[in-house]
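Worksheet: one structure, shown below.
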């Protein structure tokens, strides 16, 4: 398996994986990525263009996707406490292709992102998820993340997310 920086020719496949993940969340009764806040083609194209869209490939096939950024404005204020005050990579819009679910690819994806962070001299990863997304919360904990608190993506408090951080050893 290999983590690659996504290219223009990957946009449609990435969007299909994200759209399917949105449907999966809806099936679970979770309103994350539903309506406003759902990943859009424009966002995927922008992430590809700015070099923050990544894909985990297996024999050339995209099996998982994510966006990796070096700054997340929502993380400036947290109801809780981050493990670090230094540089970090934030990982967003993680999704595994439907037929690849249940293979432990989220763990593989985060291991690959840790390698990306190390190559940049960064020692921390930060992530967040919807309060009802128990699958992702379990994935974070199994990948060695520590629960740190709650961040808000909207000033009115209508989009809070449980936040986690991991020190890369």
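The values are calculated or read from the model by the stated rules, or taken from the named source; none is laboratory data. Everything numeric here is computed off the predicted structure, so don't read it as measured data. Reconstructed Cβ throughout: ideal geometry from the backbone, glycine too, with neighbour counts over all protein chains shown.
Quickly run through region 69-99 and pick out the residues that are within 17 Å of residue 167 (Cβ to Cβ), outside any loop (DSSP other than H, G, I, E, B) and within 15 Å of the chain's Cα centre (by Cα).
Selection gives 75, 89, 90, 91.
Here is a check on your reading of the model: is residue 102 surrounded by fewer than 16 Cβ atoms within 10 Å (Cβ to Cβ), at pLDDT 95 or above, more than 13 Å from the chain's Cα centre (by Cα) and in a loop (DSSP other than H, G, I, E, B)?
Details: surrounded by fewer than 16 Cβ atoms within 10 Å (Cβ to Cβ): yes; at pLDDT 95 or above: no; more than 13 Å from the chain's Cα centre (by Cα): yes; in a loop (DSSP other than H, G, I, E, B): yes.
So residue 102 does not fit the description; no.
Across region 48-57, what is the number of residues that are over 22 Å from residue 121 (Cα atoms) and either buried (at least 19 other Cβ atoms within 10 Å of the Cβ) or in contact with a strand residue (DSSP E or B) (Cβ under 8 Å, 6 or more places away or on another chain) (or both)?
Number of matching residues: 2.
Take residue 153 and tell me if it is surrounded by fewer than 18 Cβ atoms within 10 Å (Cβ to Cβ) and closer than 23 Å to residue 46 by Cα.
It is true that residue 153 is surrounded by fewer than 18 Cβ atoms within 10 Å (Cβ to Cβ) and closer than 23 Å to residue 46 by Cα.
With the structure loaded, tell me whether residue 23 is within 16 Å of residue 69 (Cβ to Cβ), out of contact with any helix residue (DSSP H, G or I) (no Cβ under 6 Å at 6 or more places or on another chain) and surrounded by fewer than 16 Cβ atoms within 10 Å (Cβ to Cβ) or whether it fails that test.
no
For region 69-99, enumerate the residues that are surrounded by 21 or more Cβ atoms within 10 Å (Cβ to Cβ) and touching a residue at least 40 places away in the same chain (Cβ under 8 Å).
88, 94, 95, 96, 97, listed by residue number.
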